[in-house]
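Undergrad: Below you will find the structure I want to go over with you.
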Amino acid sequence: MTARILDGIAAAADVKNDLRRRVDDLSREGVVPGLGTILIGDNSASRSYVLGKHRDCAEVGVVSASIELPADSTVDDIEAAVERFNRDPTVTGFIVQLPLPTGIDEQRILEAIDPRKDADGLHPMNLGRLVLGVDRAGVDSPLPCTPVGIVELLTRNGVELEGRRVTVVGRGITVGRPLGLILSQKGIDATVSIAHSRTPDLGEEVRRADIVIAAVGRPHLIRPEWIKPGAAVLDVGVTRVGTTSTGKARLAGDVDPGVAEVAGWLSPNPGGVGPMTRAMLVANVVQMAERSHRSAAGDPHVALR
Ligand SMILES: Nc1nc(=O)c2c([nH]1)NC[C@@H]1CN(c3ccc(C(=O)N[C@@H](CCC(=O)O)C(=O)O)cc3)C=[N+]21
């Protein structure tokens, strides 16, 4: 038996179809959602990710703006770019592409973003609301894109989370940490373990799981013999492991290819979680445009802060 595919390209297309309708509704009210991206330095992988984000926006009628800064930019230069997007009414949500050049205080930059425009959901106010499990006056704050994309990919394929045991491998701030919080939330009700590079027996943690999510960036770390037969396995990490004969980057996921023979469901990499991450970014931008429009229209239940 071989695992069924959790097709992120197909699920992202469905998400974008839903978004297109919401964007059309907004446009009838004269509102156009806008994504901003800030890219610092000349990292070709980062540039191609950012281009993909602009392409996704164009597909659903969301406009986008980009700021590119040189690799030797100072914290002040980057904060000035953040400030520009904070003030720009055509940008309803924006991101600062990570990682930042070495020596730049990432936390300081993330905190400079207006939390109402935080399309990545990585501002401490939004992460704090996730920890607390609160939303203000029925308004959800933006959530990190990859974790929400993972939940959508599973639920759209009919993979149940309630009552399931999930092992998340990785505790990073963009995936593992917030994913653990989201999966254990009321209404989702999975039982979550967070494993990481210092977990003494990773195989033991993975063996118990109905759902395994690997987000560490260690090629083929997750072994077929660790997988409970029929489990759902999501491969999030990517590592460059060399170059092909044509000079393209050779990439490897966190999940050993042999896992496909044991798992019930497998998200490919590429073509799994990545496209969902991008779709959820567009979703956050659209949601923020809806919220700021309703709040400008005087609905007291949507004014944040
Ligand atoms: N502020 C910030 N927000 C991010 O969300 C963010 C970031 N910084 N820094 C880097 C990581 C990485 N990331 C990816 C998203 C989608 C794909 C993706 O769609 N990948 C395709 C293949 C890539 C391609 O075809 O070029 C796939 O998996 O099928 C990859 C990587 C977002 N990140």
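Undergrad: Looking at Leu234, Leu266, Leu202, which is the one that is modelled with pLDDT of 95 or more, away from the ligand (no atom under 16 Å from the Cβ) and touching a Leu at 6+ places or on another chain (Cβ under 8 Å)?
TA: Of the residues listed, the single one that is modelled with pLDDT of 95 or more, away from the ligand (no atom under 16 Å from the Cβ) and touching a Leu at 6+ places or on another chain (Cβ under 8 Å) is Leu202.
Undergrad: Let me ask something else about it. Run down Arg218, Arg207, Arg223 and say which single residue is in the same structural domain as Gly176 (by TED's automatic domain parsing), over 20 Å from Gly180 (Cβ atoms) and not aromatic (Phe, Trp, Tyr).
TA: Numbers: Arg218 fails: over 20 Å from Gly180 (Cβ atoms); Arg207 fails: over 20 Å from Gly180 (Cβ atoms).
Criteria check complete, one pass: Arg223.
Undergrad: Would you check if there is a residue in the range 245-255 being out of contact with any Leu (no Cβ under 8 Å at 6 or more places or on another chain) and among the acidic types (Asp, Glu)?
TA: No, that holds for no residue.
Undergrad: Only one of these conditions is not met by Val166: (1) free of Cβ contacts under 8 Å to residues at least 40 places away in the same chain; (2) not in a helix (DSSP H, G or I); (3) not basic (Lys, Arg). Which number is it?
TA: Only one criterion is unmet by Val166, namely (1).
Undergrad: Take the residues of the range 1-41 that are touching a residue at least 40 places away in the same chain (Cβ under 8 Å) and among the polar types (S, T, N, Q): which is nearest to Gly264 (Cα to Cα)? Talk me through it step by step, then tell me what you get.
TA: Residues of the range 1-41 touching a residue at least 40 places away in the same chain (Cβ under 8 Å): 1-9, 11-12, 14-16, 19-20, 22-23, 26, 29, 31-41.
Those still in the list that are among the polar types (S, T, N, Q) too: 2, 37.
Values: Thr2: 7, Thr37: 37 Å.
Out of the qualifying residues, it is Thr2.
Undergrad: Against the condition more than 21 Å from Ser184 (Cβ to Cβ) and modelled with pLDDT under 95, how does Pro115 come out, does it pass? Walk me through how you get there before you give the answer.
TA: Numbers: more than 21 Å from Ser184 (Cβ to Cβ): yes; modelled with pLDDT under 95: no.
For Pro115, the condition - more than 21 Å from Ser184 (Cβ to Cβ) and modelled with pLDDT under 95 - is not met.
Undergrad: Taking the range 238-252, which residues are within 13 Å of the ligand (Cβ to nearest atom) and surrounded by 10 or more Cβ atoms within 10 Å (Cβ to Cβ)?
TA: Result: Val238, Thr239, Arg240, Ala249, Leu251, Ala252.
Undergrad: Residues that are surrounded by fewer than 16 Cβ atoms within 10 Å (Cβ to Cβ) and of a type in the set (D, E, K, R), at least 1 per element: which helices (runs of 4 or more DSSP H) completely within the range 46-152 meet that?
TA: Where helices (runs of 4 or more DSSP H) fall fully within the range 46-152 and carry at least 1 residues being surrounded by fewer than 16 Cβ atoms within 10 Å (Cβ to Cβ) and of a type in the set (D, E, K, R), they are 75-87, 106-112.
Undergrad: While we're looking at this one, here's another question. Given the residues Gly128, Gly103, Gly158, Gly93, which is the only one that is closer than 22 Å to Gly52 by Cα and of a type in the set (Gly, Ala, Ser)?
TA: Gly93
Undergrad: Right, here's the next one. Taking the criterion of being away from the ligand (no atom under 12 Å from the Cβ) and not in a strand (DSSP E or B), would at least one residue in the range 272-279 satisfy it?
TA: no
Undergrad: Another question, then. Looking at the range 9-45, which of its residues are more than 16 Å from the ligand (Cβ to nearest atom) and surrounded by fewer than 17 Cβ atoms within 10 Å (Cβ to Cβ)?
TA: Listed by number, the residues that qualify are Asn17, Asp18, Arg20, Arg21, Asp24, Asp25, Ser27, Arg28, Glu29, Gly30, Val32.
The values are calculated or read from the model by the stated rules, or taken from the named source; none is laboratory data. None of these values were measured; they are calculated from a predicted model. Every residue, glycine among them, receives a Cβ derived from its backbone with ideal geometry; neighbour counts consider all protein chains shown.
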